[in-house]
Amino acid sequence: MNVLKAIFKFVPIFILAGLMMSGQDALLAATIAAVAAVVVAKLTEKISFKECMDAAMDSVKNIIVALFILMFAYAMASAFMSTGVGASVVNIALSLGITARTVAIVGLCVTGILSVATGTSWGTFAACAPIFLWLVHIVDPNCIETGSLLLTTCAIAGGACFGDNIGLISDTTIVSSGIQGVEVVDRIRSQGVWSVLCLVLAAIVFFIAATVMGLPNQAVEASNVLDSVPQSALDYLAEEKPEAINLLDQVQNGVALYMIVPLILVIGLAISGLNTFGCIGTGIVSAYVLGLFAGTTSFNGGGLQDYLNMCMDGFADAGSWVIIMMMWVAAFGGIMGKMKAFDPLANLIVRVSHNVRQLMFCNGLLCLTGNAILSDEMAQIVTVGPIIKGITEENVEAETEEDMYKLKLRNATFGDAMGVFGSQLIPWHVYLGFYVGIAANVYPLFQFSNTDFIKYNFMAMIAVASILILTVTGLDRVIPLFGLPKEPKVKLRKKTDKENIA
């Protein structure tokens, strides 16, 4: 009976995954799944409707900050496209001789750096998508057919997640560390070398893939940019996304190179410790101010009001679908956590683990599974994080506090990495829904789907696979500061020891 009850608790998950994989809109799928979760919670655990709503609201509260960041990110994306920030980056890249074969690598590195500075993968992707999706179109007009569009798209998606997993001001880094009781600085120090190695290896794989795909290796002239875009596409962009037309015009006609300053300011201020809102807000304001000198913005004749309206439209674009969908997914995760849907998985981990490394490996798998189930990285972190913390503390004994602390650091890294990078490999994940929305918004010439962001996402593949393999094999010891303590410094508690603790 208990087995059937545990399986029945996963019915809402099957509903969510089935609807998403069938092509149903994520907003509707999350809503239906949340309603199903309420019903299942009532039938299995006698949880009242009010208790379900309280759990759902508590879960939504955990992502409120992220939702506000999202609105600002949409506004900054439009600002960077219309004021010349994106065009200045494109022109600098073209002047350096960037080609279709190297644009994905450049995108990976730029988004990796920016995401560390801003602490947000969502904001980074929103800021860089209009730059690199049009840059790859410029260097390879046939980018859709050759595959360079998706290669570059996956590169900036994976790179944007780099800083969200290791950034000092990243919300997921902060929350995952706090749940495990470790300092953020210690987290970054312990996983820093591993994270950088993943980025370097991903860059190598992207270059190999671009070479094997036979992508063009010739630099192009910015003056020919509009010649590469069909008139029908220009007409469509003029109606659906006029900021993209502004960007292309600025690339072709030239824009003051100092328009790259807003992007530099965002990075510099973030490194100095300014919060994410301050960084993105500075980017929006500085883009307007410098645009006055560059001639891309104006004050007279309603120019300031037009700019404010554009930012307001960015807020509206975020709130019209993505934010509402995220709230429903978070509510769904809260209800699933309330009825303890993951408890059977936690118990299974303890039973199948014969040593500490196996237990930690299973903790990583549980985080990845939880992310797939909840379809939201923050919901996974706040729901599964306490579970793996309890599994470790109740079943592992360490000779010193330092040894136990290292296990806590790995759990924090698991929660974050499997949440952020794992989201890139789950077709129905809310993360990919956001990326699809941004990509379609800034480059409407191609019909993006969630699976398009998985196909070449080498950064996510390498990060997820490597941390699991390194953990279970013990090879993490060859990476400075990343190794787990050896047994018997840490070992599984005997059953009698656990009973005495209880």
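The values are calculated or read from the model by the stated rules, or taken from the named source; none is laboratory data. A quick note: this is a predicted structure, and the numbers were derived from the prediction, not measured. As a convention, Cβ positions derive from the backbone with ideal geometry for all residues, glycine included, and neighbour counts pool all protein chains shown. When the accessible area is computed, the model is the full protein with side chains, heavy atoms only, and any ligands, DNA or RNA have been set aside. Shrake-Rupley method; radii C 1.70, N 1.55, O 1.52, S 1.80 Å.
So the values come out like this:
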item	result
Full-extension gain in nm, His354 to Glu239, via 0.36 nm per residue minus C-alpha separation	35.3 nm
Relative contact order [Cα under 8 Å, 6+ residues apart], segment 244-387, whole percent	16 percent
The chain: angle of helix 11-21 to the longest principal axis, Cα-based, in degrees nearest 10	20 degrees
On Cα atoms only, tilt of 103-118 relative to the major axis of the chain in degrees	60 degrees
Ordering of 345-352, 41-48 by burial proxy (mean other Cβ atoms within 10 Å per residue, highest first)	41-48, 345-352
Cut-off 15 Å, label 7 Å out along Cα→Cβ of Leu292, residues of segment 63-85 by amide N	none
Under the Karplus curve 6.51 cos²θ - 1.76 cosθ + 1.60, θ = phi - 60°, whole-Hz ³J(HN,Hα) for segment 298-307, x wherever Gly or Pro sits	8, 10, 6, x, x, x, 5, 5, 4, 5
FRET efficiency, 1/(1 + (r/R0)^6) with R0 35 Å, evaluated for Leu197 and Gln218 via beta carbons	0.65
Label of the coordinate-derived value, Rg/Rh (Cα atoms, Kirkwood Rh), listed as (1) 1.00; (2) 0.95; (3) 1.05	(1)
Carbon and sulfur %, accessible surface of segment 376-502 computed with the full protein complex present, 1.4 Å	56 percent
Protection proxy ranking of 461-473, 103-115, 426-438 - average other beta-carbon atoms within 10 Å, highest first	103-115, 426-438, 461-473
Set of lysines with alpha-carbon distance to Lys491 below 25 Å, sequence-local pairs under 8 removed	Lys389, Lys406, Lys408
Amide H partners (placed H, <5 Å) of Val396, local residues excluded	Arg493
Computed E for Asp186/Leu304 - FRET, C-beta separation, R0 30 angstrom, nearest 0.05	0.10
Folded to 0 to 90 degrees: helix 171-180 orientation relative to the chain principal axis, Cα	10 degrees
Fully extended contour minus Cα-Cα distance, from Asp54 to Thr451, at 0.36 nm per residue	139.5 nm
Distance between modelled label sites at Val35 and Ile7, nm, 7 Å Cα→Cβ extension	2.6 nm
Net charge, Asp171 excluded, C-beta distance under 15 Å - Lys, Arg +1, Asp, Glu -1	-2
Per residue accessible area in Å² of the chain, where ligands, DNA and RNA are left out and the probe is 1.4 Å	39 Å²
